[in-house]
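Trainee: Next up is a structure, given as structure tokens.
The values are calculated or read from the model by the stated rules, or taken from the named source; none is laboratory data. Please read these numbers as outputs of a predicted model, since none were measured by experiment. Positions of Cβ are backbone-derived with ideal geometry, glycine not excepted, and every protein chain shown enters the neighbour counts.
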């Protein structure tokens, strides 16, 4: 029996019973009377009430999720319609069209009005299914606007998974809630609220309650003593941080907190005569020929002399022969552009912001001056309270890569450790407590060790924020803030990034003191010019077939390909499908065990497998110089990620190729992609140009509708809603089940 037959049979069945209301306000069951059937009580033993017939507004179709929302004016007509079913006729007439509201998927808390009409003529039904409700209509008529600011790390709590939490807040408070992308000077995100005064006030209270710091109850076990040093439990014993007070009295706070610290030396640069005697024209020519180096003085005065770049390793480190010996052993020929300009700045003890594409040598740019900084401090190394150099990294892969670079340079017995989540915490603690000069860490694990008083960062005098844009994207700014509170303010700070978005600029202004800014390449977002970028527009269901075709027909036996996907589940599925097709590959993403991730990277680097499927967790931490292809199976979330993905190939003077699959849903990024490809002198396919034009026309149309007041009336229930189950009439006039999707 079809769904339609089942529906009609249920309504026409003489024994069909109307369900009780949801709120159980009645004690008596009511049922339709047809052909002499009478009402009986099956829900309560209380005495029967006089026969009453409910209005449609008082019933819910049981099991179908449909709320009947007629207004008062039409109730009498509806009552009569129900009574008409008792006269033995085969037709049922609902002459009043009520509002059948589906509380479906709402974006922004505003369900639109969308309905389907069912006209009853000769046994057919007419019903309207709409999402509008009286409460939301009243909100539109009289509303107040207000805004509050919340910590960036709390935005996820407000939105919830898939927007579930913000919908819950809107439903509970009755206010319209919108999380914007605007921030104040303190880095807090603005949240707009709209509704009546009472609704806005309630929404504020709920958001404040949701975002206030959580203080877990203390757990004590009688008769047991817990070790505070090596336990895997993270215990935050520090008091709640009052950010407002700290910002207002920062200088006084730092003066009191860090008084009595040992003296600090930062300037160790002895400029070579050949560098000093460079003419301005020579300097300008060198910078232009080396990837268009641009140097800016970001101090308040802005008139300091900017150091000239070095052209050889000897010009930078001639007074440090051990450094030169290590460089010669690595068989480097000359400094990279970012190194040539950064070394004179850092050896003078100045703060630095280095903006360069991936694979340009940023790690050695800050690492070699760090060795000299450690070795030349006034306090002997065995008398220092803790590490001198701290390198913060966004991912464990990148942290391990930096530690590998540190260990290549055996400079005067300097020791290092890498601490990161997912690694063996006890082993990391054992190494730290034995004494190290360099800590490479991810923010989360380092905060764990600081809070448990295992690591003392008051001794840090050289701080590196590596891949700062990536750390901000991953939401690490609150963790970074906590760490920097315990580091002396007169430190030397280095910040590196591949892009220069507003968040990175704000971070640089907040935590660096009068820095020198070094750009290598274009000031705009750009992919490396050593990579050939290819774009293909496909349907979603064609992606896997295209990957297999690429691997079997285009890859050579010595080629290596890094396949980027957008989700962990996609990574597992794709890797499994490739393996079932007899293709040897490895997979890496955040949910895999650390040992499995390290093994996958090792196999890829050593050539045991030539195919690695990865999420963006690997896009910053993977340094494999012989990757020949980058395959973007899913288009990245933003263009910054696209640049970083593409930068995984074409490294260390080599060339590479990137192949990106675009689908219809990626059309909003088409114009930005065209801009990047034009800057790199890449061939742009006609399909991509057409996609960008179509999206621009669509965007203008939506903008016009919004300005004319049409857009709000058409918004509907966002993505179609997840509400009650109705029916709709297809083109052939046949009723088919509908799930709130127009």
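Trainee: Return a yes/no flag: does segment 406-425 have any residue that is touching a residue at least 24 places away in the same chain (Cβ under 8 Å), in a helix (DSSP H, G or I) and surrounded by 21 or more Cβ atoms within 10 Å (Cβ to Cβ).
Mentor: yes
A quick yes/no check of all residues on (1) at pLDDT below 85; (2) within 39 Å of the chain's Cα centre (by Cα); (3) closer than 18 Å to residue 334 by Cα:
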| residue | (1), (2), (3) |
| --- | --- |
| 249 | yes, yes, no |
| 288 | no, yes, yes |
| 301 | yes, yes, no |
| 307 | no, yes, no |
| 311 | no, no, yes |
| 317 | no, no, yes |
| 322 | no, no, yes |
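Trainee: Additional query: Quick check, is residue 177 in a strand (DSSP E or B) and either in contact with a helix residue (DSSP H, G or I) (Cβ under 8 Å, 6 or more places away or on another chain) or modelled with pLDDT of 85 or more (or both)?
Mentor: yes
Trainee: I would also like to ask the following. Determine, yes or no, whether residue 494 is in contact with a strand residue (DSSP E or B) (Cβ under 6 Å, 6 or more places away or on another chain), without any contact (Cβ under 8 Å) to a residue 40 or more places away in the chain and not in a loop (DSSP other than H, G, I, E, B).
Mentor: no
Trainee: Kindly establish whether residue 287 is in contact with a strand residue (DSSP E or B) (Cβ under 8 Å, 6 or more places away or on another chain), free of Cβ contacts under 8 Å to residues at least 60 places away in the same chain and more than 24 Å from residue 489 (Cα to Cα).
Mentor: It is true that residue 287 is in contact with a strand residue (DSSP E or B) (Cβ under 8 Å, 6 or more places away or on another chain), free of Cβ contacts under 8 Å to residues at least 60 places away in the same chain and more than 24 Å from residue 489 (Cα to Cα).
Condition check ((1) more than 33 Å from the chain's Cα centre (by Cα); (2) assigned to a loop (DSSP other than H, G, I, E, B); (3) modelled with pLDDT of 90 or more; (4) not assigned by TED's automatic domain parsing to the domain that holds residue 490) across all residues:
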{"site": "215", "(1), (2), (3), (4)": "no, yes, no, yes"}
{"site": "220", "(1), (2), (3), (4)": "yes, yes, no, yes"}
{"site": "225", "(1), (2), (3), (4)": "yes, yes, no, yes"}
{"site": "233", "(1), (2), (3), (4)": "no, yes, no, yes"}
{"site": "238", "(1), (2), (3), (4)": "no, yes, no, yes"}
{"site": "241", "(1), (2), (3), (4)": "no, yes, no, yes"}
{"site": "245", "(1), (2), (3), (4)": "no, no, no, yes"}
{"site": "255", "(1), (2), (3), (4)": "yes, no, no, yes"}
{"site": "278", "(1), (2), (3), (4)": "yes, yes, yes, no"}
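Trainee: Can you pull out the residues in segment 426-448 that are in contact (Cβ under 8 Å) with a residue 60 or more places away in the chain, within 24 Å of residue 478 (Cα to Cα) and not in a helix (DSSP H, G or I)?
Mentor: Within segment 426-448, just 438 meets the criteria.
Trainee: Go through segment 326-343 and count every residue that is without any contact (Cβ under 8 Å) to a residue 60 or more places away in the chain, surrounded by 14 or more Cβ atoms within 10 Å (Cβ to Cβ) and outside any loop (DSSP other than H, G, I, E, B).
Mentor: 4
Trainee: Moving on to the next point. Scanning for something over 21 Å from residue 500 (Cα atoms), touching a strand residue (DSSP E or B) at 6+ places or on another chain (Cβ under 6 Å) and in the same structural domain as residue 430 (by TED's automatic domain parsing), does segment 330-337 turn up at least one residue?
Mentor: no
Trainee: Considering only segment 513-524, I want to know if a residue exists there that is part of a helix (DSSP H, G or I), buried (at least 21 other Cβ atoms within 10 Å of the Cβ) and at pLDDT below 90.
Mentor: no
Trainee: So, residue 623, is that one modelled with pLDDT of 95 or more, assigned to a loop (DSSP other than H, G, I, E, B) and in contact with a helix residue (DSSP H, G or I) (Cβ under 8 Å, 6 or more places away or on another chain) or not?
Mentor: For residue 623, the condition - modelled with pLDDT of 95 or more, assigned to a loop (DSSP other than H, G, I, E, B) and in contact with a helix residue (DSSP H, G or I) (Cβ under 8 Å, 6 or more places away or on another chain) - is not met.
Trainee: With respect to residue 695, determine if the residue is within 26 Å of residue 568 (Cα to Cα), surrounded by 13 or more Cβ atoms within 10 Å (Cβ to Cβ) and modelled with pLDDT of 90 or more.
Mentor: no
Trainee: Applying the selection to segment 152-164, what residues are assigned to a helix (DSSP H, G or I) and either touching a strand residue (DSSP E or B) at 6+ places or on another chain (Cβ under 9 Å) or farther than 14 Å from residue 208 by Cα (or both)?
Mentor: Passing the criteria: 152, 154, 155, 157, 158, 159, 161, 162, 163, 164.
Trainee: Looking at segment 346-368, is at least one residue at positive phi, in contact with a strand residue (DSSP E or B) (Cβ under 9 Å, 6 or more places away or on another chain) and assigned to a loop (DSSP other than H, G, I, E, B)?
Mentor: yes
Trainee: Being in a helix (DSSP H, G or I) and closer than 12 Å to residue 531 by Cα is the requirement here; does residue 691 meet it?
Mentor: Taking the combined requirement at face value, the residue does not satisfy it.
Trainee: If you don't mind, there's one more thing I want to ask. Enumerate the helices (runs of 4 or more DSSP H) found wholly within segment 530-616, keeping only those where 3 or more residues are touching a helix residue (DSSP H, G or I) at 6+ places or on another chain (Cβ under 6 Å) and either buried (at least 16 other Cβ atoms within 10 Å of the Cβ) or at pLDDT below 95 (or both).
Mentor: Because the criterion is at least 3 residues that are touching a helix residue (DSSP H, G or I) at 6+ places or on another chain (Cβ under 6 Å) and either buried (at least 16 other Cβ atoms within 10 Å of the Cβ) or at pLDDT below 95 (or both), no helices (runs of 4 or more DSSP H) in segment 530-616 meet it.
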